[in-house]
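The values are calculated or read from the model by the stated rules, or taken from the named source; none is laboratory data. None of these values were measured; they are calculated from a predicted model. Don't worry about glycine lacking a Cβ; one is built from the backbone with ideal geometry, like all the others, and counts go over all protein chains shown. The area values use the complete protein model at the heavy-atom level, side chains included, leaving out ligands, DNA and RNA. Shrake-Rupley method; radii C 1.70, N 1.55, O 1.52, S 1.80 Å.
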Amino acid sequence: MGFISDSLNRIQPSATIAISNKAMVMKAEGKDVIGLAAGEPDFDTPDNIKEAAIAAIRAGKTKYTAVDGIPELKKAICAKFKRENGLDYKPSQVSVGTGGKQVLFNALMATVNPGDEVIVPAPYWVSYPDIVMLAGGTPVFVDCTVEHGFKLQAADLEKAITPKTKWLILNSPSNPSGAAYARAELKAITDVLVKHPHVWLLTDDMYEHLVYDDFEFTTAAQVEPKLYDRTLTMNGVSKSYCMTGWRIGYGAGPEMLIKAMSKLQSQSTSNPSSIAQWAAVEALNGPQDFIPANNTVFKKRRDLVVSMLNQAKGISCPVPEGAFYVYPSCAGTIGKTAPSGNAIRSDEDFVTELLAAEGVAAVHGAAFGMSPFFRISYATGTDVLEDACKRIQRFCGNLR
């Protein structure tokens, strides 16, 4: 009998964090590395949010709070859902966690039993299948091809549902592809779910505000009210509000589920940081005008990266609707030889050789369940992105 638990042995460390850490180590060693692996806005947290946190500290709001969020934050979250999504929730239907990842973790750990299936459209955020497996469930992957814009098709969802299906996880805009579902596309999916009342829906809306080209965001419970009683709508302040390190995520859904999640959280992390919670209150209630201003910059960066990557030999890069990632194909480089003399047989080989030859850190598509692709985050300076893309062009041009 091994010392490490069987459940932990079912999962792997986060690939995105591992590559970001590797890039940081190389930088610390004095190497010229451009890290494009982390999904983190380079913009600073807005000053009004910082000031709210400082005010909370000065007011002595530094004690334990309710396990899953202070009343003021839950009220702000309910107001946000009503204002932006047309969804009515009571504070008792809201859970606040230490980042969106904990909300997802709590929901799946509180509901998934051995033998339960969770449908995970691919490409997917790296943590979805591992959390499902840690809970003892089985992730059921459904490929969402580039021809369909990396989006789940209703017919494919229908085929994947079995009597054992407990959840569908739907992420829009998507990490890693940036794909976002229009209302009609969501309606086709929710129409399938309406026919299968045993299947719950977990919508990861973390990149809700990061959409471009006049795209209109909608969330599933808004599109199909019949799913309201079996949907967990998850969101957070990390991406849109440039608050990744503050670690505040939240979800809203049926009280029964929220109580179960709170029970689990009470025996794990307990409450999120009291100071970060007060900052999140200001983020949700305060001025929102910086978001479209940031998006204007993100769109320019997206267009630059897409254009430059499509000029690299063997690379094909679709235009994403949202988030701050591109998910280009490197199929045209497979079978070639890198400057090191090593053969490129996979997207993992591609990103490994790219890092070694040009110092550009990206994440291989296999980590997100779909090859041969790779993910680049364009949430960094324009000059840095231009330099990185030139390096990728040079790397691809040197392949033989």
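Among the conditions (1) over 30 Å from Val199 (Cβ atoms); (2) open to solvent by 40 Å² or more (accessible area, probe 1.4 Å); (3) assigned to a helix (DSSP H, G or I); (4) of a type in the set (Lys, Arg), Lys263 misses just one, which is (1). Screening Glu386 with (1) surrounded by fewer than 22 Cβ atoms within 10 Å (Cβ to Cβ); (2) acidic (Asp, Glu); (3) under 20 Å from Trp125 (Cα atoms); (4) at pLDDT 95 or above gives one miss only, at (3). Would you pick out the residues in the range 282-317 that are touching a Cys at 6+ places or on another chain (Cβ under 8 Å), in a helix (DSSP H, G or I) and either open to solvent by 70 Å² or more (accessible area, probe 1.4 Å) or under 15 Å from Tyr207 (Cα atoms) (or both)? Of everything in the range 282-317, just one residue is touching a Cys at 6+ places or on another chain (Cβ under 8 Å), in a helix (DSSP H, G or I) and either open to solvent by 70 Å² or more (accessible area, probe 1.4 Å) or under 15 Å from Tyr207 (Cα atoms) (or both), namely Asn294. Per the conditions (1) among the polar types (S, T, N, Q); (2) closer than 24 Å to Asp213 by Cβ; (3) surrounded by fewer than 19 Cβ atoms within 10 Å (Cβ to Cβ), the sole criterion not satisfied by Thr380 is (3).
Among the helices (runs of 4 or more DSSP H) lying completely within the range 1-78, list those that include at least 2 residues that are without any contact (Cβ under 8 Å) to a residue 40 or more places away in the chain, closer than 30 Å to Ala260 by Cα and open to solvent by 40 Å² or more (accessible area, probe 1.4 Å).
On the way: elements: 6-9, 15-28, 47-58.
In the range 1-78, 6-9 are the helices (runs of 4 or more DSSP H) which contain 2 or more residues that are without any contact (Cβ under 8 Å) to a residue 40 or more places away in the chain, closer than 30 Å to Ala260 by Cα and open to solvent by 40 Å² or more (accessible area, probe 1.4 Å).
Given Thr244, Thr233, which one is of a type in the set (Ser, Thr, Tyr), in contact (Cβ under 8 Å) with a residue 24 or more places away in the chain, open to solvent by less than 10 Å² (accessible area, probe 1.4 Å) and closer than 18 Å to Gly99 by Cα? Give the derivation first.
Working: Thr244 fails: open to solvent by less than 10 Å² (accessible area, probe 1.4 Å).
Within the list Thr244, Thr233, the selection yields Thr233.
Strands (runs of 3 or more DSSP E) fully within the range 125-223 that include at least 2 residues being open to solvent by less than 40 Å² (accessible area, probe 1.4 Å) and among the β-branched types (Val, Ile, Thr): 138-143, 165-171.
Residue-level analysis places Ile258 among those that are of a type in the set (Val, Ile, Thr), touching a strand residue (DSSP E or B) at 6+ places or on another chain (Cβ under 8 Å), more than 16 Å from Lys101 (Cβ to Cβ) and open to solvent by less than 30 Å² (accessible area, probe 1.4 Å). What's the total number of residues in the range 340-373 that are open to solvent by less than 10 Å² (accessible area, probe 1.4 Å) and assigned to a loop (DSSP other than H, G, I, E, B)? Number of matching residues: 3. Gln102 meets the conditions (1) surrounded by fewer than 17 Cβ atoms within 10 Å (Cβ to Cβ); (2) in contact with a strand residue (DSSP E or B) (Cβ under 8 Å, 6 or more places away or on another chain) in every case but one. The failed one is (1).
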